[in-house]
């Protein structure tokens, strides 16, 4: 079996940006990252969908990853998101991040023309075999127009640095198919799944934006699953599910930035072309967060 280290609760981080200048609020991002580590998370993942990776330029992305690595200070692995239309672009990004000391990357393919399974496999293999860090495959066909189906994951299972898979289709049956057919790929839950269910079938953790909002409780959920305290874990999962509902209803960046601002982090508004939530929507999120906090 290949060496595996990633596990547990790994929050996707928002990207605090000054709208007028595009400057990254590094102090806010560092404080958020340090606070998450203090609350027990097992890793940090900047530049995901909640981190608005598609709306950031390369200089902003580099600044964000450098800031999170500095905040981590080697305490937890940093796994930034990488999205690209070509293998060459992905390789260039990943090689730079490797010089900064990332443990790995969460890799999602972007496309304009639909790719065949063979083309997807070749794309991913080309990238993975050109870098040395870990590759977490991320499947989000609703956004990327690429569907990394179980047969593709299984085809890639022998690539030495492809050890993890995260799927955002919400079809947990896909994950069980992979778990049943290989021990070389470890599974992370996404916000589209019920994290506890994925942990029950053999998943190793939860990578998601909502864990930014309730990190301590998310870590507690993971620990209960590790202890096989399923009844207690399910009770906690039911209470925490409201965060996932906020995430889905208001979209990742909008919901997470609004939630974190309520908690005192000056993360700013979503980046254009996304529009900020209105006052009524923010009040609804505030009400929902207070309700969840009372329950947990």
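Hey, could you check region 36-71 for residues that are assigned to a helix (DSSP H, G or I) and touching a residue at least 60 places away in the same chain (Cβ under 8 Å) and say which is nearest to residue 216 (Cα to Cα)?
The selected residue is 36.
Of all the residues that make up region 1-30, how many are at pLDDT 95 or above and touching a helix residue (DSSP H, G or I) at 6+ places or on another chain (Cβ under 8 Å)? So the answer is 14. So which of 256, 271 ends up being touching a residue at least 60 places away in the same chain (Cβ under 8 Å), outside any loop (DSSP other than H, G, I, E, B) and under 23 Å from residue 36 (Cβ atoms)? Sole residue among the options that is touching a residue at least 60 places away in the same chain (Cβ under 8 Å), outside any loop (DSSP other than H, G, I, E, B) and under 23 Å from residue 36 (Cβ atoms): 256.
Can you tell me which residue is surrounded by the most Cβ atoms within 10 Å (Cβ to Cβ) among those in region 155-166 that are closer than 23 Å to residue 195 by Cβ and touching a helix residue (DSSP H, G or I) at 6+ places or on another chain (Cβ under 6 Å)? If we take residues in region 155-166 being closer than 23 Å to residue 195 by Cβ and touching a helix residue (DSSP H, G or I) at 6+ places or on another chain (Cβ under 6 Å), then 165 is surrounded by the most Cβ atoms within 10 Å (Cβ to Cβ). In a residue-by-residue description of region 226-234, the property of being in contact with a strand residue (DSSP E or B) (Cβ under 9 Å, 6 or more places away or on another chain), assigned to a helix (DSSP H, G or I) and farther than 18 Å from residue 48 by Cβ applies to at least one position.
All of 59, 88, 98, 23 fail the test of being more than 20 Å from residue 211 (Cα to Cα), surrounded by fewer than 16 Cβ atoms within 10 Å (Cβ to Cβ) and within 19 Å of the chain's Cα centre (by Cα), apart from 98.
For (1) in contact with a helix residue (DSSP H, G or I) (Cβ under 9 Å, 6 or more places away or on another chain); (2) over 21 Å from residue 18 (Cβ atoms), each residue gets a yes or a no:
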| site | (1), (2) |
| --- | --- |
| 64 | yes, no |
| 75 | yes, yes |
| 79 | no, yes |
| 83 | yes, yes |
| 102 | yes, yes |
| 107 | yes, yes |
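Just one of (1) without any contact (Cβ under 8 Å) to a residue 60 or more places away in the chain; (2) surrounded by fewer than 23 Cβ atoms within 10 Å (Cβ to Cβ); (3) more than 17 Å from the chain's Cα centre (by Cα) fails for residue 93. It is (2). Residues in region 250-296 that are on the phi > 0 side of the Ramachandran plot and surrounded by fewer than 18 Cβ atoms within 10 Å (Cβ to Cβ) were compared, and the one that is farthest from the chain's Cα centre (by Cα) is 264. When you look at residue 203, is it at pLDDT 95 or above, in contact with a helix residue (DSSP H, G or I) (Cβ under 8 Å, 6 or more places away or on another chain) and within 23 Å of residue 106 (Cβ to Cβ), yes or no? So residue 203 passes the test.
Screening residue 206 on (1) assigned to a helix (DSSP H, G or I); (2) crowded, with 19+ Cβ neighbours inside 10 Å shows it passes everything except condition (1). Out of 123, 107, 113, one residue alone is buried (at least 20 other Cβ atoms within 10 Å of the Cβ) and farther than 11 Å from residue 161 by Cβ. It is 123. With respect to being in contact with a strand residue (DSSP E or B) (Cβ under 7 Å, 6 or more places away or on another chain) and modelled with pLDDT under 95, residue 108 fits the description. Test residue 264 against the stated conditions and say whether it is at pLDDT 95 or above, over 24 Å from residue 57 (Cβ atoms), assigned to a loop (DSSP other than H, G, I, E, B) and in contact with a helix residue (DSSP H, G or I) (Cβ under 8 Å, 6 or more places away or on another chain). It is false that residue 264 is at pLDDT 95 or above, over 24 Å from residue 57 (Cβ atoms), assigned to a loop (DSSP other than H, G, I, E, B) and in contact with a helix residue (DSSP H, G or I) (Cβ under 8 Å, 6 or more places away or on another chain).
The values are calculated or read from the model by the stated rules, or taken from the named source; none is laboratory data. What you are looking at is a predicted structure, and each value in this text was computed from that prediction instead of being measured. No Cβ is skipped: glycine too gets one built from the backbone with ideal geometry, and neighbour counts run over all protein chains shown.
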